[in-house]
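Novice: Here it is, the structure in full.
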Ligand SMILES: [Zn+2]
Ligand SMILES: [Zn+2]
Ligand SMILES: [Zn+2]
């Protein structure tokens, strides 16, 4: 007697409204408040996992999804957001090395001094020391 009366109040799943045998709590970033049944928990887990996969696992250039561990972070001067697959990274790097050979303003061969043009200059690629200084002197510092 009284042995079974202590059993918990029955709870209902926030999503499907069914009575829950084994309660699961949603994760913080799921935007669900309240308990879930095992089925809905698994469903939401899948949905949220896919969402995450979409943004983190894709190459920003070709859209391939080689998996998180096969993606490369682009170099800072490439001005790209996100991740690159290996082949896009290599291509980008090759193109970048070509760009680095000559000044993109005066076309002089670049050797020791190679600087990437600043974003705010209307110039892409790399500049020789002279051109870089000229651009730099044209840039009015913001006050
Ligand atoms: Zn449910
Ligand atoms: Zn790619
Ligand atoms: Zn130059």
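Computed from the coordinates by the stated procedures, all read-outs in this text should not be read as laboratory data. This one's a predicted model, so the numbers in the text were calculated from it and none came from an experiment. Don't worry about glycine lacking a Cβ; one is built from the backbone with ideal geometry, like all the others, and counts go over all protein chains shown.
Novice: Simple spin-label model, 7 Å along Cα-to-Cβ: residue 46 to residue 60 in nm?
Specialist: Each label point is offset 7 Å from its Cα along the Cβ direction, giving 3.1 nm.
Novice: I'm checking a number: the convex hull volume of the Cα atoms of the chain, normalised per residue, in Å³. What is it?
Specialist: Values: hull volume 29.2 nm³, N = 143.
Normalising the Cα hull of the chain by residue number yields 204 Å³.
Novice: Okay, moving on. Taking the Cβ of each residue in 140, 134 as the centre, tally the other Cβ atoms inside 10 Å and list the residues starting with the fewest.
Specialist: Ascending Cβ contact count within 10 Å gives the list 140, 134.
Novice: Working out 0.36 nm times the residue gap between residue 100 and residue 139, then minus their Cα-Cα distance, what length gain in nm do you get to one decimal?
Specialist: Values: separation 39, 0.36 × 39 = 14.04 nm, distance 2.23 nm.
My answer for the length gained is 11.8 nm.
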